[in-house]
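Everything below concerns the one structure shown next.
The values are calculated or read from the model by the stated rules, or taken from the named source; none is laboratory data. Predicted model, so just to flag it, every value in this text is computed and none were measured. With ideal geometry, Cβ positions are generated from the backbone for all residues, glycine too; neighbour counts draw on all protein chains shown. Heavy atoms of the whole protein, side chains included, go into the accessibility calculation; ligands, DNA and RNA do not. Shrake-Rupley method; radii C 1.70, N 1.55, O 1.52, S 1.80 Å.
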Amino acid sequence: IAVALAAQKTLEHVFGSVAIGLDQPIRVGDWIKTGGIEGAVEAIGLRSTRIRTMERSVVAIPNGQLSEQMTENIGMRERILLRTKLGLEYGTTVTQLRAVRDQIEAALRADPLVWPDVVVVRFFQFGDFSLDIDIIAWIETTDPNVFRAKREELYFRFMEIVEANGCSFAFPTSTVHVKSSDRH
C-alpha cells in the first residue's frame, strides 16, 4: 500500500508533465503567475517546473500540482493593458472636464503604440475626493520595458493636458466645520 501511494504521487507528476508537454500552456522563457507565484519559467522537468521569481529565487512546482491550478501566461499576450483613473478636483468645471477627457482620448488615439480598436476615456464617477475619469487602452507590445516607458510617456502627457486646461489633480481632503458656542 505504501509503495502504491508513493507511486501515485510520482505518476501524478509524470502525467502532469505529459499534459504540460502536449498542451504547452507554458514554455521555457514565459512569464507566468500561478498559485501566488510570479516569474519566468526556467525549466520544465519530468517531475517539476522551475520558476525564477522577481526576487531572483527559484521555486519548483510539482507538475501534477501545476497542471491542476490556474496559470496565467503573461508571455502569451499580444498587447498589455493600460488602465488608470484620474481624479480631478471638485472645482473643475464641466467644460474643463470635457476638454481633459477629449484631449486624453485624442492623445491615446494619436499614439502609434496604442491599439486603436478600443480606447475608453470616460467621466465615470463622483468620487469621495475627486471627479474621476476612467482610462482604458492597450499598448501594442509584449515587452514589459517598452510598456513601462510608453505608460510613463502617456502619464506625463495626461499631466500636461490637465495642467494646460487649468485643472488640478485631487488628493484626499476633508472639511471640518467648527460650530461656535455662545457660552463663555
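A quick yes/no check of all residues on (1) hydrophobic (A, V, I, L, M, F, W, C); (2) over 28 Å from Ala149 (Cβ atoms); (3) at pLDDT 80 or above:
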{"site": "Ala2", "(1), (2), (3)": "yes, yes, no"}
{"site": "Leu5", "(1), (2), (3)": "yes, yes, no"}
{"site": "Gly16", "(1), (2), (3)": "no, yes, no"}
{"site": "Ile20", "(1), (2), (3)": "yes, yes, no"}
{"site": "Trp31", "(1), (2), (3)": "yes, no, yes"}
{"site": "Ile37", "(1), (2), (3)": "yes, no, yes"}
{"site": "Val58", "(1), (2), (3)": "yes, yes, yes"}
{"site": "Met70", "(1), (2), (3)": "yes, yes, yes"}
{"site": "Ile80", "(1), (2), (3)": "yes, no, yes"}
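Selection over region 106-130 of residues that are farther than 16 Å from Val94 by Cβ and either open to solvent by 70 Å² or more (accessible area, probe 1.4 Å) or basic (Lys, Arg) (or both) gives a count of 7. Restricting the search to strands (runs of 3 or more DSSP E) fully inside region 28-88 and requiring at least 1 residues that are basic (Lys, Arg) and crowded, with 16+ Cβ neighbours inside 10 Å gives 48-53. Of the residues making up region 24-73, those that are closer than 23 Å to Thr142 by Cβ and in contact (Cβ under 8 Å) with a residue 40 or more places away in the chain are Pro25, Ile26, Arg27, Gly29, Asp30, Trp31, Ile32, Lys33, Leu66, Thr71, Glu72, Asn73. Of all residues in region 89-105, those being β-branched (Val, Ile, Thr), surrounded by 18 or more Cβ atoms within 10 Å (Cβ to Cβ) and part of a helix (DSSP H, G or I) number 2. Restricting attention to region 27-81, the residues that are under 30 Å from Pro116 (Cβ atoms) and hydrophobic (A, V, I, L, M, F, W, C) add up to 6. Report yes if some residue within region 136-151 is free of Cβ contacts under 8 Å to residues at least 12 places away in the same chain, open to solvent by less than 90 Å² (accessible area, probe 1.4 Å) and either of a type in the set (Lys, Arg) or more than 30 Å from Ala40 (Cβ to Cβ) (or both); otherwise report no. No, because not a single residue in region 136-151 is free of Cβ contacts under 8 Å to residues at least 12 places away in the same chain, open to solvent by less than 90 Å² (accessible area, probe 1.4 Å) and either of a type in the set (Lys, Arg) or more than 30 Å from Ala40 (Cβ to Cβ) (or both). Comparison of Val94, Val178 shows that the only residue that is farther than 30 Å from Gly75 by Cα, among the aliphatic types (A, V, I, L, M) and at pLDDT below 95 is Val178. Just one of (1) part of a loop (DSSP other than H, G, I, E, B); (2) farther than 22 Å from Glu78 by Cα; (3) open to solvent by less than 80 Å² (accessible area, probe 1.4 Å) fails for Phe171. It is (3).
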